[in-house]
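The values are calculated or read from the model by the stated rules, or taken from the named source; none is laboratory data. Computed from a prediction, not measured in an experiment: that's the story for all the values here. Glycine also receives a Cβ, built like all others from the backbone with ideal geometry; neighbour counts cover every protein chain displayed. Protein only, heavy atoms only, side chains kept; ligands, DNA and RNA dropped before computing areas. Shrake-Rupley method; radii C 1.70, N 1.55, O 1.52, S 1.80 Å.
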Amino acid sequence: MDAQESCSARNHTWIAEAIRRLRADANRSADTHLHVFPLPQEWEIQLYLKDESVHPTGSLKHRLARSLFLYGIANGWITETTPVIEASSGSTAVSEAYFAQLLGLRFIAVMPKSTSPEKIELVERYGGECHFTEIPLEIYNEAKRLAEELDGHYMDQFTYAERATDWRGNNNIAESIFEQMLCEPHPIPEWIVVGAGTGGTSATIGRYLRYNRYLTKLAVVDPENSSYYPSWATGATDYTTGMPSRIEGIGRPRVEPSFIPTVIDLMLDVPDAASVAAMRHLERSTGLKAGGSTGTNMWGVWRLIAQMRKTGAKGSIVTLICDGGERYPHTYYDDGWLRQNNLDIAPYEKTIERFLETGSWEAPAN
Ligand SMILES: Cc1ncc(COP(=O)(O)O)c(C=O)c1O
């Protein structure tokens with residue numbers, strides 16, 4: 001066997017072991033829970049929360065990170081000596097650091113200098129390195145530059161999220177939801193409500209619904225300053241706001257490649273104060289402590305349930321708990337941070353509480 005043959009033989013051995021480890025990790029992980037949020041029985045509407053915060057790395061990005069590594073290895077882009085680089089200050093970097101450690105690979109997260117110490121600590125806990133840029137929007141080019149310099153692989157979640165995730169099944173998030181709904185009064189939900197960061201989650205769910213011929217509609221919520229809602233509403237696929245979102249994980253200054261507007265039935269723009277209000281209300285009413293993007297989902301859910309009540313529709317609605325609230329002690333759970341950001345959540349909290357007491361929806365005046 002010549003040098004080249006032994007090199008590719010060694011490479012195939014590494015690939016086989018890497019895939020085994022990724023599959024073993026999936027096999028060791030139980031599926032994430034589907035909680036019931038209790039609503040007044042006479043409404044005949046059931047609300048379910050898919051809790052992605054219980055993944056080993058604490059967010060819905062655990063699924064994406066595993067898919068991106070499988071996709072990179074299967075494509076031959078990642079081998080046993082490839083440094084892996086990602087442009088992310090959030091959940092994705094944490095989950096990718098975990099899988100890089102599992103595979104014995106170097107991982108570098110390129111993130112803005114302003115990233116929260118909690119997120120930096122989480123990436124470093126899994127052996128990841130954090131590489132900072134002064135300007136938030138520079139993270140993409142810097143990640144690309146670093147990958148070239150180190151002969152590494154730029155994971156690029158914003159481009160590959162929609163491609164790396166199997167939308168037909170393979171235990172994707174949609175398949176898991178429908179399996180867990182099987183014994184419920186309305187197993188086929190009226191709505192599934194999610195947010196969009198890369199757009200990968202909404203693309204996967206939207207495609208899965210169509211592929212399985214479900215009449216379930218997909219609603220995507222969007223925070224302030226994001227380009228997704230105005231892009232979807234106007235059809236301008238290159239819409240840019242150039243501004244960062246205050247709700248971590250969702251909302252983008254530009255329309256990302258993995259955002260597939262054509263699988264979305266409805267988009268809802270959600271004020272940031274409403275997101276935080278709904279997030280805090282969730283904790284008060286269920287004890288489930290989640291992050292800001294879950295609050296955005298919940299506000300969207302309340303608006304849709306109000307709509308269903310108005311039209312007399314019965315049925316079920318599903319949304320996601322995207323990550324845990326323990327990651328946000330210095331922002332969404334800090335009244336000082338709310339004041340600094342001029343976010344008055346009281347009117348939105350009142351709207352939710354009054355709605356659950358009386359069934360009538362009175363949105364706060366703008
Ligand atoms: C906390 C949180 N919520 C929601 C999302 C949105 O998911 P997606 O990127 O699949 O659109 C993200 C994505 O990073 C996230 O970190």
Quiz item: Where the eigenvalues come from the Cα gyration tensor of the range 276-366, what are the semi-axes √(5λ) of the equivalent ellipsoid, largest first, in whole Å?
Solution: 24, 16, 10
Exercise. For the range 78-101 and the range 246-291, write down the distance between their C-alpha centroids in whole Å.
Key: 24 Å
Quiz item: Over the range 264-317, what is the relative contact order in whole percent, taking alpha-carbon pairs under 8 Å and six or more residues apart?
Solution: 32 percent
Quiz prompt | the chain, accessible area per residue, ligands and nucleic acids excluded (1.4 Å, Å²) | solution = 44 Å²
Quiz item: Which whole-number percent gives the relative contact order of the range 66-222, counting Cα pairs below 8 Å spaced six or more residues apart?
Solution: 21 percent
Quiz item: Roughly how compact is the chain, stated as its Cα Rg over 2.2 N^0.38 Å to two decimals?
Solution: 1.00
Self-check item: Nonlocal amide H pairs with Phe132, under 5 Å, H built at 1.01 Å
Solution: Met111
Quiz item: How much accessible area does Arg252 have with a 1.4 Å probe, in Å² rounded to the nearest 10?
Solution: 40 Å²
Quiz prompt | Residue-wise HN-Hα coupling along the range 326-338, computed from phi with Karplus coefficients 6.51, -1.76, 1.60 (Hz; x: Gly, Pro) | solution = 5, 7, 10, x, 9, 10, 4, 9, 10, 4, x, 5, 4
Exercise. Can you sort Glu124, Glu52, Glu175 by 1.4 Å-probe accessible area, starting with the largest?
Key: Glu124, Glu175, Glu52
Quiz item: Using alpha-carbon pairs under 8 Å, 6+ residues apart, how would you state the relative contact order of the chain in percent?
Solution: 16 percent
Quiz item: Which entries in the list Lys119/Lys144; Lys50/Lys310; Lys314/Lys350; Lys119/Lys350 go over 23 Å, if you measure between the two C-alpha atoms of each?
Solution: Lys50/Lys310; Lys314/Lys350; Lys119/Lys350
Quiz item: Which shape class applies to the range 312-359: rounded if a/c is under 1.5, otherwise prolate when a/b exceeds b/c and oblate if not, where a ≥ b ≥ c are the square roots of the Cα gyration tensor eigenvalues?
Solution: oblate
Practice problem: Please calculate the 1.4 Å probe accessible area of Thr198, with all protein chains present, and give it to the nearest 10 Å². | Solution: 10 Å²
Quiz item: Which of the GluC sites (Glu not before Pro) found in the range 270-366 are loop residues per DSSP with 13 or fewer other Cβ atoms within 10 Å of their Cβ?
Solution: Glu362
Quiz item: Which percent of the accessible heavy-atom area of the range 195-337 goes to carbon and sulfur, probe 1.4 angstrom?
Solution: 50 percent
Exercise. Report, in debye and to the nearest 20, how large the dipole of the chain comes out about its Cα centre when Lys and Arg carry +1 and Asp and Glu carry -1 on their Cβ.
Key: 720 debye
Quiz prompt | Furthest towards positive pole of dipole, Ala306, Pro223, Gln340, structure part the chain, Cβ charges | solution = Ala306
Self-check item: Principal axis dimensions, the range 61-161 - Cα atoms, whole angstrom, descending
Solution: 34, 25, 22
Practice problem: Run the accessible area of the range 1-145 with a 1.4 Å probe and give the carbon-and-sulfur part as a rounded percent. | Solution: 52 percent
